[in-house]
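Heads up, the thing below is written out as structure tokens.
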Amino acid sequence: MAKKDKEDNEFRPTGTVTVLVIFVITLIAIWGTIYMILVGRGGTL
Amino acid sequence: MKQYQVSAAEKKFIGSHILVAVLALAVGSLFGPLQAFEHAGWDFYVYLKPLIKSYYQGLTVHGVLNALVWTTFFIMGFLTFNVIFGLKRPLKNPVLNKVGFWMMVVGVVVAAIPILANEATVLFTFYPPLKANWAFYVGLTLVVVGSWVEGWGLFMTYADWRKENKNERTPFIAFASLVTVLLWQICTLGVAVEILTMLLPWSLGLIEGVDPQLARTYFWFTGHPLVYFWLLPAYISWYAMLPKQAGGGKMFSDTLARLAFWIFLVLSTPLGFHHQYVDPGVPPAWKFIHAILTFGVFFPSMMTAFTVIASLEYGARKNGGKGALGWIGKLNWSDPSVASQLLAGILFFFGGIGGLANASYNVNLVLHNTAFVPGHFHLTVATAVTLSFTGISYWLVPYLTGRKLWQPKWATIQAWVWFVGMIVFSNSMHVLGLLGAPRRVPLNLAPYVPAEWNSRLFQVGLGGAILFVSGLIYLVVIYKTATNKERVETEVEVPIAESMQDPDSGPIWLDRWSPWVYGALALIVIVYGPVLFDLIKNIALTSPGFRVW
Amino acid sequence: MSAQNMHIDSYERNWMIFSFILLAVFASAIAVAAFGMEIQVPAPEERVDPGTVATDPNSPWSNPGLREIAPGKYDAYILARAVPQWEYLPKEITVPVGSRVTFYVTSPDVQHGFKIQDTNANFMVLPGQVSKLTVTFDKPGAYNFICTEFCGAGHGVMYGAVIVTP
Ligand code: HEM
Ligand SMILES: [Cu+2]
């Protein structure tokens, strides 16, 4: 049990972070593109 | 260790849910490709005329059967299984659950009659003053109430378990399933009130008119949490089952998973105005508050992404996975259930991005009711959810029936074909939406379609064709499995990932229901109360019904 | 079960903090667009009786169309209807480039939508309610407005246009 816990504690989810970084970059790019369309079209009041 | 034995009768009961669900998917999904083909200029509706009068009638069938029937039946079956198996005890009152199930079945039939008779071509959102035959509203009510009754049966089972296990942590799959059921019970109050106080008496001729703005507000009270009712069962599988199936994964954080479900319970309902950003009758300040809360509910999904991926990575690394991304190849892709759910998860990233854009208050001005919206939700409900559910069925059906999965290779191919078809379909729908193409329009006939949309409209049709092939493969595989002569040698093992930390080590408040439930109700009162109060105070039942389809 | 503190992996904690900041940044960007650049969603304007809104002589929608309220500034009263046929009244309006047009749209029958292509005007049209947004047309051309909510058999052919002359 102790050994197993140690093994679990040493696990660093670096691959997870890589996947999520790619996700966040895509998110910002797509969301930003649509936001810029909105801003480019001007006010509504 | 032998796993808990679910009784044969209960397996059959759960299986009946899956059967109805798959039948609904089979019929409902048929119209998806027809709609996609129409966009590309290939019109099949002329051949359907004797049965289906219009594109819109088909779209009603598609929306109701896929979004309401396929999902609700699969979910109630799967959650019932999770509660029984998670708590390791039979249903407290199986008759009650059966009554609920049959109410739902009768409801579907009662609603289907007017839909097929072209007496309820109001789409699955049934916005008044389009007025369907009363049977349509009665049928929907029966489905909702039946699902409540089934939910009560699950709560009673839990209450008994709790009495005997005072100080124990609720096993995760049971816990998360019960939260999902409770969320459903709270949020469906919206449509229940809409139908019982307005639409049903109106369709029966007891009142002259309805208030369309109030009706929309009731509808979206239910409409947004509805998507969490679809999604959370897939999350349960991703959190607690997929890591095990994908190879030696463990739940990276049991406590955060539980916290995420509580946040979903609290935040799923009080944000329905994000479907009404461009409604005339709701004040912008309240819309903005709902926008912020919508961002809040994005947060537990971000947590879910981390926990689920880390759980998968843990197993993959133990199996020798290397590199920043190379470990992904070590996941058990040859298992069709795993491939389905991983592909579902990948497309869900893009579904999440589109959803966040839709939800971003004024950004909705660019997207509202454009083809972007169906582009988005075919990544979420029609892929993240549907492909996960079909993936689950690849182990659940053999488990329930004792019959071997027919041709696992074809099952895996099915998932990949859906993935590819959906990329083609959904990408073109998103782009069309950004170019200004509206949804719910047979675009081939629309007089205002510019030539620059044509290549994208063709891709919609192409994607629809690929998806059609995948749907067919799924039906063949599941039919051949359910009737397979080859039986499994031992009962299929239910994939349950153990937790990396001892679940008992988490804080006690993660197992207390009342603060979260009261919190959820209080938040609903705060952010819905004033606007609903105003709308009800100024109710104007001035819209008579219209049958203009 | 004992009272314990929440154990959160440091990577995951950082991810949660980062997610929070990211969402806060997006929310701020929206707020800037809404309150700084006046890109706003519709607000409650007026309630009307759908039974009489198209016929009552005192209702602007009994005579829908364009009214110039100041040089270069217009109010456009538009009726979206499904009965007797699916159409906008008027189907076409013409304004010179640079005009600022405020649209007031309502329906005497079912729900409709109103989306002017290539602009930020995109909203629901409900019987009993008036939807209002303003657009400044800076470039000449024809801007179709289309119906974006299912309103019956003719929903797909329901459209009109704003013609912006140079
Ligand atoms: C076989 C693959 C599928 C294809 C090719 C397909 C295609 C389409 C298309 C083209 C539309 C847009 C119609 C329009 O806006 O005019 C649509 C709408 C819709 N689809 Fe699908 N679909 C498929 C499967 C699914 C599945 C599996 C679900 C849900 C589980 C689903 C749920 C919906 C819903 C809720 C709508 C909106 C209906 C409405 O606007 O009233 N679809 N589908
Ligand atoms: Cu219309």
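The values are calculated or read from the model by the stated rules, or taken from the named source; none is laboratory data. Bear in mind that the values here come from a model prediction, so they are computed numbers and not experimental data. For neighbour counting, all protein chains shown are included, and Cβ atoms are generated from backbone atoms with ideal geometry for every residue, glycine included.
Within the range B:21-60, the residues that satisfy the criterion of being aliphatic (A, V, I, L, M) and either crowded, with 21+ Cβ neighbours inside 10 Å or within 29 Å of B:PRO450 (Cα to Cα) (or both) are B:ALA21, B:VAL22, B:ALA24, B:LEU25, B:LEU30, B:LEU34, B:ALA36, B:ALA40, B:VAL46, B:LEU48, B:ILE52, B:LEU59. Candidates are the residues of the range B:444-458 that are in a helix (DSSP H, G or I) and without any contact (Cβ under 8 Å) to a residue 40 or more places away in the chain; the one that is nearest to the chain's Cα centre (by Cα) is B:ARG456.
Within the range B:349-366, if we keep just the residues that are facing chain C (nearest Cβ under 10 Å) and without any contact (Cβ under 8 Å) to a residue 40 or more places away in the chain, the residue that is nearest to C:PHE35 (Cα to Cα) turns out to be B:VAL363. Evaluating C:THR148 against the criteria (1) more than 16 Å from ligand 1 (Cβ to nearest atom); (2) within 30 Å of B:LEU130 (Cβ to Cβ); (3) in contact (Cβ under 8 Å) with a residue 24 or more places away in the chain leaves one unmet condition, (1).
For the range C:109-134, enumerate the residues that are over 30 Å from B:ALA540 (Cα atoms) and β-branched (Val, Ile, Thr). Before you say what the answer is, go through the steps one by one.
Taking the range C:109-134 as the starting set, the residues that turn out to be over 30 Å from B:ALA540 (Cα atoms) are C:117-119.
Selection gives C:THR119 alone.
Going through the range C:153-166 one residue at a time, which ones are part of a loop (DSSP other than H, G, I, E, B) and buried (at least 21 other Cβ atoms within 10 Å of the Cβ)? Passing the criteria: only C:MET158.
Among the listed residues B:ASN118, B:ASN66, B:ASN82, identify the single one that is within 14 Å of chain C (Cβ to nearest Cβ) and either more than 16 Å from ligand 2 (Cβ to nearest atom) or under 30 Å from B:ILE207 (Cα atoms) (or both).
Details: B:ASN66 fails: within 14 Å of chain C (Cβ to nearest Cβ); B:ASN82 fails: within 14 Å of chain C (Cβ to nearest Cβ).
After ruling out the rest, the residue left standing is B:ASN118.
Scanning for something in a loop (DSSP other than H, G, I, E, B) and within 16 Å of ligand 1 (Cβ to nearest atom), does the range C:121-143 turn up at least one residue? No - not one qualifying residue is present in the range C:121-143.
Taking the criterion of being touching a residue at least 60 places away in the same chain (Cβ under 8 Å), more than 17 Å from the chain's Cα centre (by Cα), within 14 Å of chain C (Cβ to nearest Cβ) and within 16 Å of ligand 2 (Cβ to nearest atom), would at least one residue in the range B:37-54 satisfy it? Yes - at least one qualifying residue is present in the range B:37-54.
Just one of (1) over 20 Å from B:ALA26 (Cα atoms); (2) away from ligand 1 (no atom under 12 Å from the Cβ); (3) not charged (D, E, K, R) fails for B:ILE413. It is (1).
Residues in the range C:24-44 include at least one that is under 30 Å from B:THR255 (Cβ atoms) and buried (at least 17 other Cβ atoms within 10 Å of the Cβ). Count of the range C:77-96 residues, restricted to those that are more than 16 Å from ligand 2 (Cβ to nearest atom) and in contact with a Ser or Thr (Cβ under 7 Å, 6 or more places away or on another chain), is 2.
For the subset of the range C:97-119 comprising residues that are away from ligand 2 (no atom under 16 Å from the Cβ) and assigned to a strand (DSSP E or B), which member is farthest from C:VAL164 (Cα to Cα)? Among them, the one singled out is C:TYR104.
A count restricted to the range B:415-443 and to residues that are assigned to a helix (DSSP H, G or I), among the aliphatic types (A, V, I, L, M) and within 14 Å of chain C (Cβ to nearest Cβ) stands at 3.
Quick one: would you say B:PRO233 is in a loop (DSSP other than H, G, I, E, B) and more than 9 Å from every other protein chain (Cβ to nearest Cβ)? Quick ask: steps written out before the conclusion?
Values: in a loop (DSSP other than H, G, I, E, B): no; more than 9 Å from every other protein chain (Cβ to nearest Cβ): yes.
The answer is no for B:PRO233.
One residue is enough: does the range A:25-43 have a residue meeting the conditions modelled with pLDDT under 95 and loosely packed, with under 13 Cβ neighbours inside 10 Å? Checked the range A:25-43: no residue is modelled with pLDDT under 95 and loosely packed, with under 13 Cβ neighbours inside 10 Å.
Here's the yes/no breakdown for (1) acidic (Asp, Glu); (2) away from ligand 1 (no atom under 16 Å from the Cβ); (3) not in a loop (DSSP other than H, G, I, E, B):
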position	(1), (2), (3)
B:PRO90	no, yes, no
B:LEU96	no, yes, yes
B:VAL99	no, yes, yes
B:VAL105	no, yes, yes
B:ILE115	no, no, yes
B:VAL122	no, no, no
B:ALA132	no, no, no
B:GLY146	no, yes, yes
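Residues B:ALA240, B:ALA260, B:ALA316: which one is over 30 Å from C:TYR104 (Cβ atoms), within 13 Å of chain A (Cβ to nearest Cβ) and among the aliphatic types (A, V, I, L, M)?
Working: B:ALA240 fails: within 13 Å of chain A (Cβ to nearest Cβ); B:ALA260 fails: within 13 Å of chain A (Cβ to nearest Cβ).
Exactly one residue qualifies, and that residue is B:ALA316.
Going residue by residue through the range C:42-60, is there one that turns out to be touching a strand residue (DSSP E or B) at 6+ places or on another chain (Cβ under 8 Å), within 11 Å of chain A (Cβ to nearest Cβ) and part of a loop (DSSP other than H, G, I, E, B)? Yes, the range C:42-60 contains at least one residue that is touching a strand residue (DSSP E or B) at 6+ places or on another chain (Cβ under 8 Å), within 11 Å of chain A (Cβ to nearest Cβ) and part of a loop (DSSP other than H, G, I, E, B).
Can you confirm whether B:THR412 is in a helix (DSSP H, G or I), more than 14 Å from chain C (Cβ to nearest Cβ), closer than 24 Å to B:PHE229 by Cα and more than 16 Å from ligand 2 (Cβ to nearest atom)? Let's see the steps before the verdict.
Numbers: in a helix (DSSP H, G or I): yes; more than 14 Å from chain C (Cβ to nearest Cβ): yes; closer than 24 Å to B:PHE229 by Cα: no; more than 16 Å from ligand 2 (Cβ to nearest atom): yes.
No: the conditions fail for B:THR412.
The sole residue among B:LEU196, B:LEU200, B:LEU178 that is crowded, with 22+ Cβ neighbours inside 10 Å, in contact with a Ser or Thr (Cβ under 9 Å, 6 or more places away or on another chain) and part of a helix (DSSP H, G or I) is B:LEU178.
Filtering the range B:519-535 to residues that are surrounded by 14 or more Cβ atoms within 10 Å (Cβ to Cβ) and not hydroxyl-bearing (Ser, Thr, Tyr) leaves B:GLY519, B:ALA520, B:LEU521, B:LEU523, B:ILE524, B:VAL527, B:VAL531, B:LEU532, B:ASP534, B:LEU535. In the set C:ALA80, C:ALA29, C:ALA34, which member is within 11 Å of chain A (Cβ to nearest Cβ), under 15 Å from the mean Cα position of the chain (by Cα) and away from ligand 1 (no atom under 16 Å from the Cβ)? Within the list C:ALA80, C:ALA29, C:ALA34, the selection yields C:ALA34.
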